[in-house]
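Read-outs throughout are calculated quantities, based only on the coordinates presented, and are distinct from any laboratory measurement. Since the structure is predicted, the reported quantities are computational estimates derived from the model, not experimental observations. No Cβ is skipped: glycine too gets one built from the backbone with ideal geometry, and neighbour counts run over all protein chains shown.
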Amino acid sequence: MNDAVLSGVESRTSSPVKWIRDELGMANIKGLYPCGEGAGYAGGIISAAVDGIKTAEKMAQVYSLKKML
């Protein structure tokens, strides 16, 4: 559904799985932007926060381009 929201919760475990992301940070599922330690892109709280910021910037880029079209 177009209005669905997928949220992740913080846990005390790390995922041994790494989501593959394209150059814009999106997974192979359209509209899904995995980030942080649980997605396999960070090893601690600081790197997870930085990955979240970078992913948010990529999302903003994607959605601002869509508005222009």
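Scanning the stretch 42-60 for residues that are of a type outside the set (D, E, K, R) and either closer than 13 Å to residue 26 by Cα or part of a helix (DSSP H, G or I) (or both) yields 45, 46, 47, 48, 49, 50, 52, 53, 55, 56, 59, 60.
To keep it simple, each residue is scored yes or no on (1) small (Gly, Ala, Ser); (2) in a loop (DSSP other than H, G, I, E, B).
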{"residue": "27", "(1), (2)": "yes, yes"}
{"residue": "32", "(1), (2)": "no, yes"}
{"residue": "35", "(1), (2)": "no, yes"}
{"residue": "62", "(1), (2)": "no, no"}
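Among residues belonging to the stretch 31-48 that are farther than 22 Å from residue 2 by Cα and loosely packed, with under 14 Cβ neighbours inside 10 Å, point out the one that is nearest to the chain's Cα centre (by Cα). It would help to see each step written out before you state the result.
Of the residues in the stretch 31-48, the ones farther than 22 Å from residue 2 by Cα are 36-48.
Subsequent filtering for residues that are loosely packed, with under 14 Cβ neighbours inside 10 Å retains 43-47.
Details: 43: 15, 44: 16, 45: 15, 46: 15, 47: 13 Å.
Filtering the stretch 31-48 for residues that are farther than 22 Å from residue 2 by Cα and loosely packed, with under 14 Cβ neighbours inside 10 Å, the one nearest to the chain's Cα centre (by Cα) comes out as 47.
Under the condition of being surrounded by fewer than 12 Cβ atoms within 10 Å (Cβ to Cβ) and either within 11 Å of the chain's Cα centre (by Cα) or not acidic (Asp, Glu) (or both), the residues counted in the stretch 16-30 number 8.
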